[in-house]
Amino acid sequence: MVTTFPTMQTAIDARHKRLEWYVLIGGILTDCRDVTTHHSVDDPVGTCTLTLNLPLPAHVQFGALVEVQAGYPGQVHTIFRGKIPKRDRLFDQNGARATLNVPSLGARLNRRDYTDVVFPGPISLRDVFNGLNARRGIESYYADDVTAPDGSTIITLGNTQAANGKTVKVPRKTGFLNFLTAAAELFGYRVYDTPFGVRMKRVSGMPDEAPSLVITEAWNALGAGYLDHIDGLINYWEVFGAKYDDEDGSRAVLRSIPDEVPYDPRLAPEGWARDERSSDLLDTVALCDIVRNVMEIDHSEPYEQVSWTTHGSPSLLPGDVVEVTSSTLAVSGKQWVLSVQHTINTNGFTTKCTGWRGAGIALPAGNDVVATLLRSAPVHLGDEYLSHYAVPSPSVATGSPFKVPFVVLEQYSALTIRARGHGCNSYLIGGKNSDADVSRFELWQFGERVGSGNLPILNEDLDLRRNYLQDQWWSNLVIPITGSIKPGAAELHIISGKDSRIGEAYAYDDFEVKEIWLHTAGAGEPTLPTPTGGA
Amino acid sequence: MMPRVSDNPIFAYGPLLGFYADGEQARFIFWRKEAAPPDWQGGRDLVANRVYGGRRTLYQDIGADPLRLKTGAWFQSKADFQRFKRLSASVGQLWMNADYTAHRDLSRSPAEQVIHRLGMHYAIFDNVVVTAITDETLDNDGGVRCKVQFEREDFTW
């Protein structure tokens, strides 16, 4: 009597099982010598290698659908679906045969489009995945919600107008699969093909799902291996996001750093190792923080890869969770299935898998922006005595710049002067505030002007004679620093300009600035562990 | 010189016995030394995997071995033997005395597995391959004897 298995677990545990396998090409049952299929979360397109006797049957044509089914009574599953792009024939002392190397159906997703594909944002990565699959006509695809490691914060892209116009663009030169793979991997997800369609799934951190199979030494494992190393052990991650001009004109470079890097004795004597990721898709600091946390979870502990071989497990897919226990290898617990390779030949049907899990811990975010107070007290530029100003008399001679020295740090990604001000580039003409563009700032370094720009327009409101001793009448003023400024000493020159529309006596623009801060982005540093002695 | 043809009366027995291919019959008598006639032999192709660290061995039944019939064949003449050698290059049909085999070709309909002709029940097997012809000997009366191995797929699986 033939045993029928109710579950895959009962099948691979069974002492005796009867193999059934079928290769259908173009829907026709086709004799094959052997077959090997491979799917992996890190190889988005699955592959199948079939060996057939020559001459090839007439139905083995380019584009013919190859479907491989295998298993045992009650547990026969499809282990591969793809279309034939290539046929390789040969004969030698082992006979005449053809080898078919067949990519899985999801390979079509890697074709490029004739135009940029643009999604309006904010849009979840899952919706982008679904949209690109639908556009490519993929028959079957499925994505989980893409969330932060907390499991609830949905990842959206195209969030920032200034960075990307609140859109997500897939350039026409980029294959959809490459785009999705790169985007998903940032957040600990993988995009890969399975016999049942293209899948996007979290493969990151500790697996928290119920295991699909339980693999146990001395019971159902034909072989197993365990590899661990610290080659890629990184406990200090920095993540860089989009670079763009902010709404206030300042240059923004998004960056995420940890607040503090814990000491890791495996990285002695420094106790830390650094790496970074960057992507223009990351258009908020929150996204950068999420990516950094994913990297910390997945790469801040030694890489541990478990491999095992069992009798064929045709229902097992990459991204599944398997529990592996081996006392010999000192392995125990759930593993993400990274790759699944099925082999059917005269030695039977076996499945070889690799598994892994991320064991690190996400670190709190650190402050990436270093703010340096350059001047606190108000300064008056212009040519008039104005009693309602905080500083009634001009602080420097008329027409002279007010110089603010500062030091540019060794490492930075963006510099911005932020201050409070009022009245710049605004005159009272005919009883009304009139805009101007005469007052400006300049950046000087090593005796040369290395950058300049206009100050923003802040209404003069001279007729109101506001009391500028009160902070409420001051406005924020942002001066993005552009140009080739280098680390070292520099000066900010604030210059009151002269407007020809005004009488000579009052031609210079009167305004005040105070609380001048230099914001250096990209200069934040986490607190690093104290190195220990010895190597 | 006329080719010699054995006049052994045994060749009057079972005129339809033999191997059929390409529309021809290579006639022979099933010949044996032992009292019991040999029959088709089969078996399962089992892959055994010993499990490390335990006493378990896992078996995977990857299919049935082909059924094999190792028998002696006795030809009335060299011409019959040479015809058999020629036809053995093709996949053919084997006609046996139904009383001397426990097997039936399950790929054939029940009514066609055994037929009655000229006073004998013949068991017919399709898709038979001749995989070996050995130990050829020439009888003094012109007959030829040899050992033959036939194979066919096991449809009982």
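The values are calculated or read from the model by the stated rules, or taken from the named source; none is laboratory data. Small disclaimer: the values here were computed from a predicted structure and weren't measured. Cβ: placed from backbone, ideal geometry, glycine included. Neighbour counts: every protein chain shown.
Structure notes:
- Filtered residues of region A:214-224 (kept if within 14 Å of chain B (Cβ to nearest Cβ) and either under 31 Å from the mean Cα position of the chain (by Cα) or β-branched (Val, Ile, Thr) (or both)): A:Ile215, A:Thr216
- Selection from region A:2-44 of residues that are of a type in the set (A, V, I, L, M), within 14 Å of chain B (Cβ to nearest Cβ) and under 14 Å from A:Tyr72 (Cβ atoms): A:Val2, A:Ala11, A:Ile12, A:Ala14, A:Leu19
- Of the strands (runs of 3 or more DSSP E) lying entirely inside region A:128-208, those containing at least 3 residues that are among the β-branched types (Val, Ile, Thr) and more than 21 Å from A:His38 (Cβ to Cβ) span A:167-170.
- Which numbered condition A:Ala268 fails, given (1) small (Gly, Ala, Ser); (2) without any contact (Cβ under 8 Å) to a residue 60 or more places away in the chain; (3) surrounded by fewer than 17 Cβ atoms within 10 Å (Cβ to Cβ): (2)
- Considering only residues in region A:130-163 that are without any contact (Cβ under 8 Å) to a residue 60 or more places away in the chain and of a type in the set (A, V, I, L, M), the one that is surrounded by the fewest Cβ atoms within 10 Å (Cβ to Cβ) turns out to be A:Ala134.
- When restricted to residues that are in contact with a helix residue (DSSP H, G or I) (Cβ under 8 Å, 6 or more places away or on another chain) and in a strand (DSSP E or B), region A:216-240 contains 4.
- Hey, A:His59 at pLDDT 95 or above, within 30 Å of A:Ala218 (Cβ to Cβ) and more than 13 Å from chain B (Cβ to nearest Cβ) or not: no
- Strands (runs of 3 or more DSSP E) within region A:1-108 that include 3 or more residues exposed (fewer than 13 other Cβ atoms within 10 Å of the Cβ) and in contact with a Leu (Cβ under 9 Å, 6 or more places away or on another chain): A:88-92
- Top-ranked residue in region A:202-213 [being closer than 30 Å to A:Glu67 by Cβ and either touching a Leu at 6+ places or on another chain (Cβ under 9 Å) or of a type outside the set (Lys, Arg) (or both); ranked as nearest to the other protein chains (Cβ to nearest Cβ)]: A:Leu213
- Entry remark, region A:289-305: residues being more than 17 Å from A:Ala182 (Cα to Cα) and either of a type in the set (Gly, Ala, Ser) or out of contact with any strand residue (DSSP E or B) (no Cβ under 8 Å at 6 or more places or on another chain) (or both) number 3 in total.
- For region A:261-275, the condition holds for no residue, the condition being that it is touching a Leu at 6+ places or on another chain (Cβ under 8 Å), of a type in the set (Ser, Thr, Tyr), more than 14 Å from chain B (Cβ to nearest Cβ) and within 26 Å of A:Val370 (Cβ to Cβ).
Matching residues to (1) surrounded by 17 or more Cβ atoms within 10 Å (Cβ to Cβ); (2) of a type in the set (S, T, N, Q):
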{"position": "B:Glu34", "(1), (2)": "no, no"}
{"position": "B:Thr57", "(1), (2)": "no, yes"}
{"position": "B:Asp65", "(1), (2)": "no, no"}
{"position": "B:Ser77", "(1), (2)": "yes, yes"}
{"position": "B:Arg86", "(1), (2)": "no, no"}
{"position": "B:Trp95", "(1), (2)": "yes, no"}
{"position": "B:Met120", "(1), (2)": "no, no"}
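- Meeting the requirement of 2 or more residues that are more than 14 Å from chain A (Cβ to nearest Cβ) and of a type outside the set (Phe, Trp, Tyr), the strands (runs of 3 or more DSSP E) wholly within region B:42-120 are B:67-75, B:92-97, B:114-117.
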